[in-house]
1. Could you list, in sequence order, all residues of the stretch 29-43 that are buried (at least 20 other Cβ atoms within 10 Å of the Cβ), in contact with a strand residue (DSSP E or B) (Cβ under 6 Å, 6 or more places away or on another chain) and assigned to a helix (DSSP H, G or I)?
2. Looking only at residues that are assigned to a loop (DSSP other than H, G, I, E, B) and at pLDDT below 90 in the stretch 127-158, which one is surrounded by the most Cβ atoms within 10 Å (Cβ to Cβ)?
3. Which of the numbered conditions does CYS166 fail, given that it passes all the others? Conditions: (1) within 23 Å of LYS113 (Cα to Cα); (2) crowded, with 20+ Cβ neighbours inside 10 Å.
4. Tally the residues that are over 27 Å from ARG72 (Cα atoms) and touching a residue at least 60 places away in the same chain (Cβ under 8 Å), restricting the search to the stretch 3-48.
5. If you check LYS194, LYS159, which single one turns out to be charged (D, E, K, R) and in contact with an Asp or Glu (Cβ under 8 Å, 6 or more places away or on another chain)?
Amino acid sequence: MINYPKEFLDLLNSVTAKRPRTVIQHILESGFITSEELKNKYGYNHPPRAARDVREYGIPLVTYRVAGTDGRSIAAYKFGNPADIKNNLSKAAGRTVLSKALKQALIEKYGSKCFVYLETMDESALQVDHRIPYEIGGEHDEKDIDYYMLLSPSANRAKSWTCEHCENWVKKDTGFCLCCFWAHPENYEHVAGKYERIISLVFTGNEIEDYYKLIKLSGERKAQEVIKKIIHEHLK
């Protein structure tokens, strides 16, 4: 393992979010991580996003090319110059330092629940995310907590994938994002540009038996169709 400066190691160790932490730990152990490893070993199908997660904490990463297992050229990532953190921390470090205070403020205001799925969960499992993706809306003062939201890991992954495949990822219209379900699920006009509405159903306790009956009746892939049909018939 390379002997990195203490300041750099402290920054690496301050990262607790799962995806960037996975990248950091792998690089610390192996010296680099490839896009192939990110996909096949860790299940991250969008390696540049995983690398960007690390960079957003002010940690310099270098992208270069190596040969994959099939001989083709693939991307690999390793740490850049540790001294560069002094240039990056002006934006990213404050976000890292304040993240615990921001998370607690959101929990105190909204409760320990996912904004998208509305399920109550352990505080340690919840993740803080920008309502408007950082790549579109930029940074905000973390004291303005309404610019942020609490998400379960699965909701955060779903939001990341949807945003990155949305037409606005290129256009970068903040107004478009403000009206989207993934930014404001409590009050929205569209879902990534589509005229849709979403209801998240969570089955708990005795309701789980109803869930299994529904799956047995319809098949997992058609459960939504059956639920919508029941609602439609009920509302006639």
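1. Within the stretch 29-43, SER35 is the sole residue that qualifies.
2. The initial filter retains those residues of the stretch 127-158 that are assigned to a loop (DSSP other than H, G, I, E, B), namely 131-133, 138-144, 152.
Narrowing the set further to residues that are at pLDDT below 90 leaves 133, 138-144.
Values: PRO133: 21, GLY138: 12, GLU139: 13, HIS140: 16, ASP141: 9, GLU142: 18, LYS143: 10, ASP144: 9.
Among those that are assigned to a loop (DSSP other than H, G, I, E, B) and at pLDDT below 90, it is PRO133.
3. Single failed check for CYS166: (1).
4. Adding up the residues that qualify gives 9.
5. Criteria check complete, one pass: LYS159.
The values are calculated or read from the model by the stated rules, or taken from the named source; none is laboratory data. Note that the coordinates shown come from a computational prediction; the quantities given were computed from them, not determined experimentally. Note: ideal-geometry Cβ built from the backbone for every residue, glycine included; neighbour counts use all protein chains shown.
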